[in-house]
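Have a look at the structure below, then the notes.
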Amino acid sequence: MLTKRARSRLGIAAVATGGAHALSYPYAGWALLALVAYLPMMLVLWRDRPTPKHAFFAGLLAGAVLHGVGHYWIAFTAQKMSGMPAPLAWLVVLVYALAMGLHQALWAWSCALLREAFWGDEEVPPLAWVVAVASLLAVVEFVVPYQFPWYLGNALYTVPIFMQVADLAGIWLVTLLCGLVSGGLAVVWLAGTGRHRVRAVGLVVALLLAWLSYGGWRMAAIDAQAPTRTITVAMIQPNPTIGEKTSLKPKPRIPMQSRAEKLTRAVLAKEGAGQIDVVVWPEGSLPFYYVHKELPPLTDHETKTRAPPVVKHTTFRAHKFAKTIGKPLLIGSLRRTDRSWKAKAHNSAVLLDGSVGSGVMPQAIYDKRQLVPFGEYLPGSTLIPALARAIPGVSDLGPGTHSSIMEIAGAKFGVSICYEALFAGFMLDNSAPADVLVNLTDDLWFGPTNAPELHVMVQYPRAVELRRPLLRATATGVSGHIDAAGRVRSRTGVWTEATLVERAEIRDLDSVFRHFGLWPMRGLALGCAVLLVGAWRRRA
């Protein structure tokens with residue numbers, strides 16, 4: 001039975017862990033806090049021996065603090081996009097924080113279960129417990145679904161030397177190592193004096209030295225390998241406003257396309273058109289839908305097309321502009337595929353190559369496959385179609401089915417759209433053959449928050465895992481270039497018109513992650529599951 005004082009310590013430790021985890025993100029930018037964020041919870045979980053039930057609720061509190069701080073921008077989006085009143089929007093944030101806090105709750109419950117089942121009244125946490133709880137931290141991230149998977153290891157994106165190990169087993173390995181550092185320091189703290197403390201200090205120092213040594217070696221090896229070629233990409237950031245995006249009338253929306261054209265002309269004039277291989281416009285660049293000139297003929301049940309003249313005009317205008325500049329133009333846009341608009345629209349990347357052919361047909365199209373729940377579709381709407389329009393501001397888009405690889409300027413581009421680049425497994429399956437990773441994003445919906453920086457943070461590891469440069473073209477920022485060694489080569493600000501011209505270096509680099517993918521983490525997850533089953537049976 002926990003004393004009142006022990007319950008207070010548990011609550012304080014939970015808030016400290018959730019707060020430290022949140023502060024390691026770009027709010028404060030204290031990235032190295034990720035190394036010790038879970039130390040408070042580990043100390044109390046071992047020393048006070050809470051029951052799994054008490055640990056669960058403490059973990060839920062830690063998770064609610066983390067996700068409430070981390071996703072406060074949801075309130076802005078709910079108000080602006082769905083018209084929710086402020087109290088209801090903040091209630092949504094609270095519900096979301098509690099739902100996502102189940103990750104930390106599950107982790108804390110598991111740690112307490114292992115402590116109770118295998119180590120009883122031991123005073124100093126053994127190395128086996130430290131390894132187990134650090135592994136569980138990574139496995140919970142890997143196994144339990146997230147709406148927005150912002151992991152502990154992501155926080156170290158501003159310190160590239162720590163991120164290099166992601167090319168071995170993905171971003172979860174970075175989280176595991178952070179957990180090992182916290183666990184080792186917990187042993188140092190609790191051991192007081194003697195051989196346990198000396199051994200723990202030695203292990204923490206050895207772990208950090210090995211971690212940093214691998215990072216330094218990997219970055220140096222990449223720099224020592226000469227690129228086989230470079231691709232020069234001009235990324236356009238037209239900075240639309242929410243008023244432009246949400247208006248249903250042409251007059252407020254057309255300026256988005258006009259600004260993108262103006263910025264493109266300016267950058268081609270400044271750099272010299274011959275120096276640019278491809279121009280990239282971000283997600284949602286066209287004012288309306290992209291509609292195909294070659295749409296199939298009307299059926300007997302269709303009497304007219306729903307595409308108004310302005311939609312046809314903006315599509316034709318994009319083709320004409322691509323032909324005028326004589327460069328491949330990669331555009332992010334919603335897309336309609338049938339004349340009557342009965343089929344679901346797609347969120348697409350359309351390649352218009354004005355340098356070849358007549359310039360009136362798209363050279364390649366990729367439809368977004370990983371859609372945002374509660375943003376681009378409402379979960380359950382496939383079974384209950386009436387849900388599709390139940391919440392204002394939630395779209396009802398259809399997922400794509402084809403590969404995102406596009407041949408542009410003699411290189412293979414692995415195209416992803418916004419949310420997709422958050423998922424290591426998806427990117428491995430979708431973009432592994434690519435020479436260059438390109439992400440088209442529209443972070444307008446985050447509003448004046450720091451969520452755009454969090455979006456950079458969580459996409460960042462894909463460059464390291466796949467060892468390919470990642471180019472981000474965003475509507476309102478942050479646009480940028482992350483090289484294959486995980487260094488941010490350039491970036492724009494937010495809420496400003498901007499252009500970036502970047503030379504992406506193509507190297508024939510490999511990584512363990514490219515070969516083994518998610519299997520190391522699947523193996524670790526299986527091992528943790530066996531351990532927990534054993535602990536449950538032993539406790540019973």
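The values are calculated or read from the model by the stated rules, or taken from the named source; none is laboratory data. All values derive from a computational prediction rather than experimental measurement. All Cβ positions, glycine included, derive from the backbone under ideal geometry; neighbour counts span all protein chains shown. Surface accessibility is based on the protein's heavy atoms, side chains included, excluding ligands, DNA and RNA. Shrake-Rupley method; radii C 1.70, N 1.55, O 1.52, S 1.80 Å.
A few points about this structure:
- Sum of side-chain charges, Ser258 neighbourhood, beta-carbon under 14 Å (Lys, Arg +1; Asp, Glu -1): +4
- Here the extension length gained between Arg537 and Thr496 equals 8.9 nm, from 0.36 nm per residue of separation less the Cα-Cα distance.
- Tilt relative to the chain, helix 73-82 - C-alpha long axis, 0 to 90 degrees, to 10: 40 degrees
- Each residue of segment 250-260 was assigned a 3J(HN,Hα) from its phi angle through the Karplus curve 6.51 cos²θ - 1.76 cosθ + 1.60 (θ = phi - 60°); the sequence is x, 4, x, 8, 4, x, 4, 5, 4, 5, 4 Hz, with glycine and proline shown as x.
- Heavy atoms of the protein chains alone define the surface here; on that basis the chain has 41 Å² accessible area per residue at 1.4 Å probe size.
- Near Tyr460: Cβ cut-off under 14 Å, other residues only, Lys/Arg at +1 and Asp/Glu at -1. The net charge is +3.
- The C-alpha atoms of the chain occupy a region whose extents along the principal axes are 78, 56, 38 Å, arranged from largest to smallest.
- Here Ser247 and Phe516 are evaluated by their C-beta separation; at R0 = 45 Å the FRET efficiency comes out at 0.40.
- Within the chain, antiparallel bridges make up roughly 65 percent of the DSSP beta bridges whose residues both belong there.
- Principal-axis tilt of helix 309-325 within the chain, Cα atoms, nearest 10 degrees: 90 degrees
- Maximal additional length on extending the Lys4-Arg229 stretch stands at 74.5 nm, based on 0.36 nm per residue less the C-alpha distance.
- Here the calculated FRET efficiency for Ala220 and Leu32, from their Cβ-Cβ distance with R0 = 30 Å, stands at 0.85, rounded to the nearest 0.05.
- Intensity falloff of segment 21-141 expressed as log10 I(q)/I(0), Debye formula with alpha-carbon point scatterers, at q = 0.09, 0.20 Å⁻¹: -0.30, -1.06
- Split the accessible area of the chain by element, probe 1.4 Å, and carbon with sulfur accounts for 64%.
- Angle of helix 519-539 to the longest C-alpha principal axis of the chain, folded into 0 to 90 degrees and rounded to 10: 40°.
- Long-range amide H partners of Ser285 with built H, under 5 Å: Gly332, Ser333
- Hz values of 3J(HN,Hα) by residue in segment 273-286 - Karplus curve (6.51, -1.76, 1.60), Gly and Pro given as x: 4, x, 8, 9, 8, 7, 10, 10, 9, x, 3, x, 6, 7
- Each Lys or Arg adds one and each Asp or Glu subtracts one; over the other residues with Cβ under 12 Å from the Cβ of Pro328, this totals -1.
- Using θ = phi - 60° and Karplus 6.51 cos²θ - 1.76 cosθ + 1.60, couplings along segment 396-407 (whole Hz; Gly, Pro as x): 10, 8, x, x, x, 10, 10, 4, 9, 6, 10, 8
- Gyration tensor (alpha-carbon) shape descriptor, segment 133-239, a/c threshold 1.5: oblate
- Relative contact order of the chain: 16 percent, from C-alpha pairs under 8 Å at least 6 residues apart in sequence.
- Whole-angstrom gap from segment 501-540 to segment 393-440, using each part's C-alpha centre: 22 Å
- Residue-averaged 222 nm ellipticity for the chain, from DSSP H runs of 4+ at -39500 (n - 2.57), nearest 500: -15000 deg cm²/dmol
- What the Cβ-Cβ distance of Ala343 and Phe426 gives, at R0 = 30 Å and to the nearest 0.05, is a FRET efficiency of 0.80.
- Modelled spin labels at Glu271 and Arg47, positioned 7 Å past Cα toward Cβ, are 5.6 nm from each other.
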